[in-house]
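Asks: Take a look at the following structure, please.
Readers should treat all values here as calculations from the given coordinates under stated rules, not as data from a laboratory. Please read all numbers here as calculations on a predicted model, not as lab measurements. Glycine gets a Cβ as well: all are built from the backbone with ideal geometry, and neighbour counts include every protein chain shown.
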Amino acid sequence: LQKTLILLQVTLSVVVGKTLMILFPNAMKRYILKLGEKSRMNKNPKFSYENWGPTFFSFKYLQFVLKVKWKRLEDEALEGHPAPNTPVVTLNGEVRHLLDFMGDNRPLILNFGSCT
């Protein structure tokens, strides 16, 4: 049910966005450039609006957004429910799953940190 609701929401968003790009191309260009400012994409001199702007609200855009949102459903951790088996990357660059590191008779302890 959640995937269906996400499909409807994202599809509606893409249809409305594509329609607005056709009807009001200059206004949508300004809107998409504003989005680029937030992500700092427009700070890269190798990218111009013509390179990435028209990809917004395309079928590939729809597929990508759906894939990301559906994947996030699997990563939700709720108290009292099984832990998500999230993919992780080892220091060697190998993709494994979190529960692959759990032993039979020992707990799996996760320690998170960050450096800035």
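Asks: Could you pull out every residue, at least 5 positions away or on a different chain, whose amide H is within less than 5 Å of the one on Val88? Hs are placed 1.01 Å off N in the peptide plane, and Pro or chain starts have none.
Replies: Residues meeting the criterion, in which the H sits 1.01 Å from N, are Arg96, His97, Leu98.
Asks: Under a plain spin-label model, where a point goes 7 Å from the Cα along Cα-to-Cβ, how far apart in nm are Leu35 and Leu91?
Replies: If labels sit at Leu35 and Leu91, their model points lie 3.9 nm apart.
Asks: Taking the highest mean first, how do the peptides 22-33, 97-108 order by number of other beta carbon atoms within 10 angstrom per residue? Numbers along the way, then the final one.
Replies: On the way: 22-33: 13.0, 97-108: 9.6.
Taking the mean over residues of other Cβ atoms within 10 Å, the ranking is 22-33, 97-108.
Asks: What is the extension gain from Asp100 to Gln63, computed as 0.36 nm multiplied by their sequence separation minus the C-alpha to C-alpha distance, in nm to one decimal?
Replies: Numbers: separation 37, 0.36 × 37 = 13.32 nm, distance 2.88 nm.
The Asp100-Gln63 span can extend by a further 10.4 nm.
Asks: OK, next. Can you tell me the orientation of helix 2-23 relative to the chain, as the angle in degrees between its alpha-carbon axis and the longest Cα principal axis, to the nearest 10?
Replies: Result, in degrees: 20.
Asks: Report the full-extension gain for the segment Leu7 to Lys46: residue separation times 0.36 nm, less the Cα-Cα distance, to one decimal in nm.
Replies: Values: separation 39, 0.36 × 39 = 14.04 nm, distance 3.30 nm.
Extra length from Leu7 to Lys46 when fully extended: 10.7 nm.
Asks: Okay, helix-only estimate at 222 nm for the chain: each DSSP H run of n ≥ 4 adds -39500 (n - 2.57), divide by all residues, round to 500 deg cm²/dmol; what do you get? List each step's numbers first, then the result.
Replies: On the way: 4 runs with 57 residues, N = 116.
Only helices count here, giving -16000 deg cm²/dmol.
Asks: Size of the dipole of the chain about the Cα centre, Lys and Arg at +1 and Asp and Glu at -1 on the beta carbon, nothing else charged, in debye to 20?
Replies: Numbers: 16 positive and 9 negative charges, 154 e Å.
Computed charge dipole of the chain: roughly 740 debye.
Asks: As a test of the definition: which semi-axes, in Å, follow for the range 1-75 when you take the square root of five times each eigenvalue of its alpha carbon gyration tensor? Largest first, please. Please report the intermediate quantities before stating the final value.
Replies: Details: eigenvalues 121, 53, 17 Å².
Ellipsoid semi-axes (Å, largest first): 25, 16, 9.
Asks: Ok, one more. For the range 1-75, what relative contact order do you get, as a whole percent, if you take Cα pairs closer than 8 Å and at least 6 residues apart? Let's see the in-between values first.
Replies: On the way: 31 pairs, mean separation 33.0, N = 75.
Computed over the range 1-75, the figure is 44 percent.
Asks: Where does helix 59-74 land angle-wise versus the long Cα axis of the chain, in degrees 0 to 90, nearest 10?
Replies: So the inclination is approximately 30 degrees.
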